[in-house]
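Working notes, beginning with the structure itself.
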Amino acid sequence: MTLEYDAKLLLVLVILCFDGVKAGSSITSHHSGRSSLVFNVNNFGAQSNGRTDNSKAFIAAWKEACKATGKVYLVIPKGTYLIGPVRFAGPCRNVSSLTIRLKGHLKATANLSSYEFNAGWVEFAWLEGLTLTGGGTFDGQGSKAWPHNNCPTNSNCKLLPTNVKFVAMNKTVVRGITSVNSKFFHIALVECKNFKGTKIQISAPGNSPNTDGIHIERSSGIYISQSSIGTGDDCVSIGQGNSQVTISQISCGPGHGISVGSLGRYRNEGDVRGLIVRDCRMSGTMNGIRIKTWADSPGSSAATNMTFENIVMNNVTNPIIIDQAYCPFSSCSSQEPSKVKLSEIYFRKIRGTSSSPVAVSLECSRGIPCQHIYLEDVHLEYSSGEKHATSSCKNVKAKYIGTQIPPPCA
């Protein structure tokens, strides 16, 4: 009884210490002989009423956490927190491990003048060894911003803020967080290395513009798995300059599928190499697996060594599509061929139904035709049941192995 009473008393004292910490201070906890510092945003003045702008409180908590020493936790408790653009930037030189436990519901301010061009609403930058977890939500309140997005028609549009942006990060783990109704991309990785994202939930209406689920650019060693993405654009988009990217166990829909590109729009783009997409399901999406490059590329680049395997298509408009004459606008200035070289691309065990009669479309560049394109065990039926699906090919001689439904191009 004495041991049990002492344990209960100790628990009460710990709770009182957490509740009684003065604003701007941290808590030191001890476990198995190791100590860690806990920084709670509420102790820096944050209020979880959904109305107060908590940006300054979040930044103040971050500054203290980043300059601490050892094992550090930044805690955002349950509740609704309104914040404007916030950047959690490093390096945090004396921190051995840094964990952000987001349990609350973060709401983005709707005032677009508060955001910088091409920035994130919540941005993590120049950090190593960050873990972001806790089951919380990033709510971009995008419905108020989407009417201001003219990017689908204007090539010089001003980009709206991304919900969560990771810039120049290394050894990052993101697990069990949710992003809803982003103004633009939900999650963006730029110049990141060794990133692992699991059990991520992403949601926005199917007609929300440019709300890509996860966009990856100029990054390497990326692994995204066991996640559900339903949005108004690509569920996952693989931009230029990426290598060693694995996407697995993704449930996609609504959305535009999983896309490589668009590539070849700008000068000095990096190549895409070593992409694996496997064990995914597309439901009611515009595309399944898509590779898209711009016509009249200003420079040369390549996308090579890419494998798409064990993908289930459920009523998908374009289950397999290569489009090297990509132009999202009503007209493009030139019809010169794309200078992006596509090669060593494998489509294996792709099965399900197509909502359009053309289930496989391989439209390659007439300037640099695709090379070493392989289709193995493809079984895609036309979902209407009225007739069989077909294939369409330009500037490519694909190699076929095993089952081929629809039949290969003549």
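The values are calculated or read from the model by the stated rules, or taken from the named source; none is laboratory data. Quick caveat, the model's predicted, so the values are computed rather than measured. As a convention, Cβ positions derive from the backbone with ideal geometry for all residues, glycine included, and neighbour counts pool all protein chains shown. All accessible areas refer to the heavy atoms of the entire protein, side chains included, with ligands and DNA or RNA removed. Shrake-Rupley method; radii C 1.70, N 1.55, O 1.52, S 1.80 Å.
Can you list the lysines whose alpha carbon is less than 19 Å from that of Lys349, not counting same-chain residues fewer than 8 positions off?
Filter leaves Lys399.
Nearest 5 percent is fine: what portion of the DSSP beta bridges confined to the chain is antiparallel? Don't jump to the answer; show the numbers that get you there.
Working: 5 of 146 bridges.
Antiparallel bridges: around 5 percent, rounded to the nearest 5.
With angles folded into 0 to 90 degrees, how steeply does helix 2-19 sit against the dominant principal axis of the chain? Use alpha carbons for both and round to 10.
70 degrees
Roughly speaking, to the nearest percent, how much of the chain's 1.4 Å accessible area is carbon and sulfur? Numbers along the way, then the final one.
Working: 9090 of 18450 Å².
Answer for the chain: carbon and sulfur cover 49 percent of the accessible area.
Sort out the exposed loop GluC sites (Glu not before Pro) in the chain (DSSP loop, at most 10 other Cβ within 10 Å) and tell me the longest stretch that has none.
On the way: sites that count: Glu116, Glu386.
No qualifying site falls inside 117-385, the longest such stretch.
On a 0 to 90 degree scale, rounded to 10, what angle separates helix 55-66 from the longest Cα axis of the chain?
Relative to the chain, helix 55-66 is tipped by roughly 80 degrees.
Of (1) 38, 34, 28; (2) 44, 22, 19; (3) 34, 28, 20, which is the value of semi-axes √(5λ) of the Cα gyration tensor in Å derived from the coordinates here?
(2)
In deg cm²/dmol and to the nearest 500, what is the mean residue ellipticity at 222 nm of the chain if only DSSP H runs of at least 4 residues count, each as -39500 (n - 2.57), divided by the residue total? Write out the running numbers ahead of the final one.
Values: 2 runs with 30 residues, N = 410.
For the chain, the value works out to -2500 deg cm²/dmol.
Cross-link candidates for Lys171: which lysines have Cα within less than 24 Å, leaving aside residues fewer than 8 places away along the same chain?
Here the lysines satisfying the reach criterion relative to Lys171 are Lys63, Lys67, Lys71, Lys103, Lys193, Lys196, Lys199.
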